1. Would you please name the residue that is surrounded by the fewest Cβ atoms within 10 Å (Cβ to Cβ), looking only at residues in segment 267-313 that are among the β-branched types (Val, Ile, Thr) and part of a helix (DSSP H, G or I)?
2. Quick check on residue 77: is it touching a helix residue (DSSP H, G or I) at 6+ places or on another chain (Cβ under 6 Å) and either of a type in the set (A, V, I, L, M, F, W, C) or under 20 Å from residue 223 (Cα atoms) (or both)?
3. Hey, any hits in segment 223-237 for a residue that's over 19 Å from residue 202 (Cβ atoms), surrounded by fewer than 18 Cβ atoms within 10 Å (Cβ to Cβ) and at pLDDT 95 or above?
4. Test residue 53 against the stated conditions and say whether it is acidic (Asp, Glu), touching a residue at least 24 places away in the same chain (Cβ under 8 Å) and surrounded by 20 or more Cβ atoms within 10 Å (Cβ to Cβ).
5. Check 280, 301 and return the single one that is more than 24 Å from residue 126 (Cβ to Cβ) and under 19 Å from the mean Cα position of the chain (by Cα).
6. Here are 86, 41: which of them is exposed (fewer than 14 other Cβ atoms within 10 Å of the Cβ), of a type outside the set (Phe, Trp, Tyr) and touching a residue at least 40 places away in the same chain (Cβ under 8 Å)?
7. Looking only at segment 168-201, which residues are surrounded by 13 or more Cβ atoms within 10 Å (Cβ to Cβ) and free of Cβ contacts under 8 Å to residues at least 24 places away in the same chain?
8. What tally of residues in segment 117-140 results from selecting those that are farther than 16 Å from residue 257 by Cα, at pLDDT 95 or above and either touching an Asp or Glu at 6+ places or on another chain (Cβ under 7 Å) or surrounded by fewer than 18 Cβ atoms within 10 Å (Cβ to Cβ) (or both)?
Amino acid sequence: MDNPIINAAAHWGLDVRAIRQDIDICGSPQRCESRVVIECTDDNLYVVESLAEKEVGHKRKIISSLNCLAKRGLKGINPYLSAKSTGYIVKNDKKFWQISRFVHGVSLKRPGYVFDQWRGNVLADFLIDLRRKSENIPGLKEKPPFSIIAYINTLYEQIKIYAPELQNKIQPVIDFLQNNFIKAHDRLPTAFCHGDFHALNIIWSQDTIHAVIDWEFSGIKPEIYDIANMIGCIGIENPEALAGPLVIDFIHQIKNTAMIADLSWTILIEFIIALRFAWLSEWLRHKDKEMIELEMVYMKLLIDNTDDLKQIWKL
């Protein structure tokens, strides 16, 4: 067995029986340096993650937010565990470590899940409760809210230099966003958001959410952010699902709470398109030509069907 992992776990009073390389871990492995499931003599499973030193400060902010949300009773939070005397992040063997309980789940059946009406309901329930439980969450208002416009402008300049063949394809999308979205963006109400909310960042049971994971991009953002990202990720799986029961119920359930301002709803589709630039950036980093092309087709589809989608969603 791996001694550094065993030694790190000991700070939490955990006696490692086995390192379970056979167990898959939900969420992105890029959120830490390494991660593994350990089986301990208390008959429980835990996820041990090693961290880069430069990430420790950010990780502590995430831990603080999750602890706050858990204390306020938000269901679906799997907080990190505190070591006996050294806090939530421990330095051991020249590495930094954090530990959480392993959460069992039911595999998401892709792509068919995008038409599951009940998922729309529970996804909406979570965001509604997150909005209520995250009001005045401490420690997050010291910097300006995330701006997707600034992100797009930076990426566009990089595309012109490193991927000029995409510039002509991207320009119509930029032009579309300039019509309404850019003018409205800085006037949008803000709220605490998960930052990467979509069905693959959820550990599911047969009929509800066990845990919401990957909070790396959480923080104060335009209030429509999580809604737009979730819908955008459903549509990239299958564009027909944009008019399906999951998306329609998801939107209507949140809309009925009146927690989202009318201005935010008016530019929902534009925000969905804007957030696809973050995904496009990911594909560019990995030089995934197939996904880059798919992303461009998807953006055009959203632009071409904006009026129809607004009618279907009753915006």
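The values are calculated or read from the model by the stated rules, or taken from the named source; none is laboratory data. What you are looking at is a predicted structure, and each value in this text was computed from that prediction instead of being measured. Ideal geometry is used to build each Cβ from the backbone, glycine not excepted, and the neighbour counts take in all protein chains shown.
1. Quick first cut of segment 267-313, residues among the β-branched types (Val, Ile, Thr) only: 267, 269, 272-273, 292, 297, 303, 306, 312.
Okay, now just the ones that are also part of a helix (DSSP H, G or I), so 269, 272-273, 292, 297, 303, 306, 312.
Working: 269: 25, 272: 25, 273: 24, 292: 19, 297: 13, 303: 16, 306: 16, 312: 15.
If we take residues in segment 267-313 being among the β-branched types (Val, Ile, Thr) and part of a helix (DSSP H, G or I), then 297 is surrounded by the fewest Cβ atoms within 10 Å (Cβ to Cβ).
2. Details: touching a helix residue (DSSP H, G or I) at 6+ places or on another chain (Cβ under 6 Å): yes; either of a type in the set (A, V, I, L, M, F, W, C) or under 20 Å from residue 223 (Cα atoms) (or both): yes.
Here the answer is yes, as residue 77 does meet what is asked.
3. Start the filter on segment 223-237 by keeping residues that are over 19 Å from residue 202 (Cβ atoms), which leaves 223-224.
Then drop every residue that is not surrounded by fewer than 18 Cβ atoms within 10 Å (Cβ to Cβ), which leaves none.
Scanning segment 223-237 turns up no residue that is over 19 Å from residue 202 (Cβ atoms), surrounded by fewer than 18 Cβ atoms within 10 Å (Cβ to Cβ) and at pLDDT 95 or above.
4. Details: acidic (Asp, Glu): yes; touching a residue at least 24 places away in the same chain (Cβ under 8 Å): yes; surrounded by 20 or more Cβ atoms within 10 Å (Cβ to Cβ): no.
Here the answer is no, as residue 53 does not meet what is asked.
5. Values: 301 fails: under 19 Å from the mean Cα position of the chain (by Cα).
The unique qualifying residue is 280.
6. 86
7. The one that is surrounded by 13 or more Cβ atoms within 10 Å (Cβ to Cβ) and free of Cβ contacts under 8 Å to residues at least 24 places away in the same chain: 174.
8. Matching residues across segment 117-140 total 2.
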